[in-house]
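What follows is calculated from the coordinates using simple rules that are stated; it is not laboratory data. Because the structure is predicted, anything quoted here is derived from the model rather than measured. Counting neighbours? That spans all protein chains shown, and the Cβs are built from the backbone with ideal geometry, glycine included.
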There are 2 protein chains.
Amino acid sequence: MTEFRIIRKESAGFARRGQITTAHGVIETPCFMPVGTKATVKGLTPKQLVDETQSQIVLANTYHLFLRPGHELIESLGGVHKFMGWNGPMLTDSGGFQVFSLSSMRRIEESGVTFRSPIDGSSHQLSPESSIAIQEALGADIIMAFDECTPHPATYKEALDSLELTARWAARSSTARKRSDNLLFGIVQGSTYPELRKLSLEKTIDVGFDGYALGGLSVGEGQAAMYDVVQEFGPQMPELTPRYLMGVGTPEDLLVAVAGGLDMFDCVMPTRNARNGMYFTRRGPLTIKQARFREDPEPVDARCDCYTCRNFSRAYLRHLFVSKEILSSVLATIHNLYFYNQLMAGMRLALERDEFQQFKKSFLDDYKTSDV
Amino acid sequence: MTEFRIIRKESAGFARRGQITTAHGVIETPCFMPVGTKATVKGLTPKQLVDETQSQIVLANTYHLFLRPGHELIESLGGVHKFMGWNGPMLTDSGGFQVFSLSSMRRIEESGVTFRSPIDGSSHQLSPESSIAIQEALGADIIMAFDECTPHPATYKEALDSLELTARWAARSSTARKRSDNLLFGIVQGSTYPELRKLSLEKTIDVGFDGYALGGLSVGEGQAAMYDVVQEFGPQMPELTPRYLMGVGTPEDLLVAVAGGLDMFDCVMPTRNARNGMYFTRRGPLTIKQARFREDPEPVDARCDCYTCRNFSRAYLRHLFVSKEILSSVLATIHNLYFYNQLMAGMRLALERDEFQQFKKSFLDDYKTSDV
């Protein structure tokens, strides 16, 4: 039922145009996945996600749904697709990243991680087995092995110990799997040490997964270090399965990562920045609260075909933001997700025509002008 | 360009089925007008307002738009319709009610009201002339005379003085009008004193307006006192022009008022209560945060055809509300406005069949069960 197919590879590099078939439909790759943390992409209805942003797949966070409303509840209601009214493909993360970034009092042991809920202070454990069980209860089409997201900075020894724990957890995650209608991806750690990334990649491949992800990036290592990892290890990841760069990133990051052979991406940036009044445009980001937009009758991006740009002026969008209106978040989220999905669609078309490098250069030339 | 036409009157009472033709389309009456205070019905796109709630007309608040972003700005951008992307009929209030309820340091004189902006403390005056000028700059299809909303309680003398001031302001409002493509409505005050309501009605009719509104209700006088005014004076309002009950109300209120011959209504209740997690249903209001809905797979109202009820369970809607998700406000607003608009559509159909009294009784019998 699930498979990955490469439609075309660029002749002069590593980028590829593919398709992932899941139980809830086909994902055209390279693709961006909007983040729907608590079983909602903040502010948008599933209908808007499809009609107005052309999103293909939504990511939900296991950690948040485990704590509230609980995976048993969601399972009893028919799974997360039905719960949130999203009929397309879904991916859940393992919960590992959030345990490390959001919980206090966390204790890491071989068996798993014990932590306190920020909601009510209650104590919980996540382990490879429980993470997989929770994700299978939620019922996403693509689920992730439970890993330790190595913090940055990490010493060589810390990064080595961490990736070895992740590798042991990867094997347990794979064994814990009970459903056969999903894809399970393994996660490569190793911090910014090339030999440790290589070691982690080998250990993850040894376990054997339906896809592979680069984790532990965009955690403070800086763009240059992240690009080094992506450019060196993207092409080394197994070719015949999907490659997922977790938690990344800016439009530039996505172009660089696709050039490195990555296929899938998620990031809160387009949605979170939208709520802060930041609009992505072909000529760089636009901060709508600026006084210069007060009387501006133009849309955010005159060349953008999204609902927001077709119907509203910068002056109105600034008014909504300044007035703290809910619709400000809604319209900015529509625009930013449309922008990200259009960027990915542009990459896919360029790949079909074997013109990816020209597309990348042309986009970055425009984007860097910051003349909005 | 603008006119009011009565299609059918019920044979056994005062209710009527009508149509108001405006520069931006026809309003089928009786009708409910969602409140779009700052040029947005909170949380919904104009597309959702039409497609998902079947709203016919939106009300915007002159006071808020005057203070921010300013009527000159909105006029320079083509008017409030274009500003907010709403192409249907619009009504603006005069600003009088908000000056009294929201501003500090207000001083009422014959010339008008001086007040301080809650945004920046700056001093402003609203008068009949400036209110009409602001409303004509905004460009709504229906605009309101500038009145003093008599507070409750008011002594007989206070209510008399107040309605006389409102009558003088009504004449000035009428004279101040410059556009001919809108309808100007006069507002009847008089508190809860029948003879003062009668006097105010006469004085307002003497000025002569395109429609008449009952103001100064739903300000603390209580349901029984409000019903007394509506039932006694609704039928006495001019028959051949639209009758508007301002700021009202609950589903029961709307049925009682339509029975009294009223045609138009606005109220923040369906939208504000939505943001507080209250859903209107045929069997009474439902408070979604209640623990009994935690695992409830049913929609809010199984007989409701709105987007929210067609796609989401009470359990999911409760999760969104408890998690303080924006989508909670969006989905509840869609449902409540659909409910209000469906109620009005039900009344219209019943009026066309001359079955209004049966419809009213049947609705109220169901509604009072509160068995949701």
Just need the relative contact order of region A:123-188 here, percent rounded to a whole number, with Cα pairs under 8 Å and 6+ apart. 46 percent
In nm, what does the list of distances from A:S104 to its counterparts in the other copies look like, shortest first, when each label sits 7 Å along Cα to Cβ? 3.6
Distances in nm from B:K178 to the matching label points in the other copies, shortest first (labels 7 Å along Cα to Cβ): 7.4
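Sort B:165-174, A:139-148 by packing, meaning the average of other beta carbons within 10 Å per residue, with the highest value first.
Details: B:165-174: 22.0, A:139-148: 27.0.
Listed from highest to lowest mean packing, they are A:139-148, B:165-174.
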Quick check for me: using +1 on Lys/Arg Cβ and -1 on Asp/Glu Cβ, what's the dipole size of chain B about its Cα centre, in debye to the nearest 20? 880 debye
Amide proton proximity set for A:A60, modelled H, under 5 Å, gap of 5+: A:G36, A:L91, A:T92, A:D93
Using +1 at the C-beta of Lys and Arg and -1 at the C-beta of Asp and Glu, which of A:G78, A:M237, A:F312 has the Cα lying farthest in the positive direction of the dipole of chain A? A:F312
Using alpha-carbon coordinates, inclination of helix A:128-138 to the longest axis of chain A, degrees: 50 degrees
Ignore the peptide's own chain and count Cβ atoms of other chains within 10 Å of each Cβ in B:325-334; give me the average, rounded. 5
So if I place +1 on the C-beta of Lys and Arg and -1 on the C-beta of Asp and Glu, and nothing else carries charge, what would the dipole magnitude of the protein assembly as shown be about its Cα centre? I want it in debye, nearest 20. 180 debye
Viscosity 1.567 mPa s, temperature 4 °C: what is the translational diffusion coefficient of chain B from Stokes-Einstein with a Kirkwood Rh over Cα pairs, rounded to a whole number of µm²/s? 62 µm²/s
Inter-chain shielding metric for B:29-41, i.e. average beta-carbon neighbours from other chains within 10 angstrom, reads 2
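Could you work out the Kirkwood radius for region A:164-319, taking every pair of different alpha carbons, averaging 1/r and inverting it, reported in Å?
Value: 17.8 Å, from the Cα pair sum.
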Given the options B:M105, B:L138, B:T92, identify the residue whose Cα lies farthest towards the positive end of the charge dipole of region B:64-146 (+1 on Cβ of Lys, Arg; -1 on Cβ of Asp, Glu). B:M105
Of A:L49, A:L65, A:I27, which is farthest towards the positive pole of region A:1-76's charge dipole, taken about the Cα centre with +1 and -1 on the beta-carbons of Lys, Arg and Asp, Glu respectively? A:I27
How much length, in nm to one decimal, is gained on full extension between A:R292 and A:K324, taken as 0.36 nm per residue of separation minus their Cα-Cα distance? 9.7 nm
Looking at chain A as a GNM with Cα springs under 10 Å, which of A:Y279, A:Y244, A:Y156 has the largest mean-square fluctuation? A:Y156
Compute the separation of the alpha-carbon centres of region A:124-192 and region B:260-281 and state it in Å as a whole number. 49 Å
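Using unit Cβ charges (K, R positive; D, E negative) and no other charged atoms, how large, in debye to the nearest 20, is the dipole of region A:268-366 about its Cα centre?
Its charge dipole is roughly 360 debye.
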Using a label position 7 Å from Cα in the Cα→Cβ direction, what is the ascending list of nm distances from B:R68 to the same site in the other copies? 2.8
So what is log10(I(q)/I(0)) for region A:268-366 at q = 0.17, 0.21 1/Å, when the Debye sum runs over its Cα atoms only? -0.72, -1.00
Likely footprinting exposure, A:V35, B:V50, fewest C-beta neighbours within 10 Å first: B:V50, A:V35
In percent, how large is the relative contact order of region A:3-267, given Cα pairs closer than 8 Å and 6 or more residues apart? 18 percent
Please compute the modelled spin-label separation between A:E164 and A:S123, points set 7 Å along Cα→Cβ, answer in nm with one decimal. 2.8 nm
For region B:174-186, in order, what is each residue's ³J(HN,Hα) by Karplus, 6.51 cos²θ - 1.76 cosθ + 1.60 with θ = phi - 60°, in whole Hz (x at glycine and Pro)? 5, 5, 6, 5, 10, 8, 10, 9, 10, 10, 10, 9, x
Per residue of chain B, what 222 nm ellipticity follows from adding -39500 (n - 2.57) for every DSSP H run with n ≥ 4, rounded to the nearest 500? -12500 deg cm²/dmol
Which chain A residue puts its Cβ closest to the axis that rotates A onto B, and at what distance in whole Å? A:I326, 3
Show me the three semi-axes of the equivalent ellipsoid for region A:13-99, from the C-alpha gyration tensor (sqrt of 5 times each eigenvalue), largest first, rounded to whole Å. 23, 16, 12
So if each residue of separation counts as 0.36 nm, and I subtract the Cα-Cα distance between A:E75 and A:Y156, what length gain in nm does that give? 25.1 nm
Could you give P(r) for region A:45-188, binned at 5 Å from zero, as whole percent values over all Cα-Cα pairs? 2, 10, 19, 21, 19, 14, 9, 5, 2, 0
A:R272 versus A:Q231: modelled label distance in nm, points set 7 Å from Cα along the beta carbon direction: 2.6 nm
Over region A:144-236, with a single point scatterer placed on each C-alpha, what log10 of the ratio I(q)/I(0) does the Debye formula yield at q = 0.12, 0.17, 0.23 1/Å? -0.34, -0.65, -1.11
Computed on Cα atoms, the radius of gyration and Dmax of the protein assembly as shown in angstrom are 29.8, 92
Roughly how tilted is helix B:223-233, in degrees to the nearest 10 and between 0 and 90, from the longest Cα axis of chain B? 60 degrees
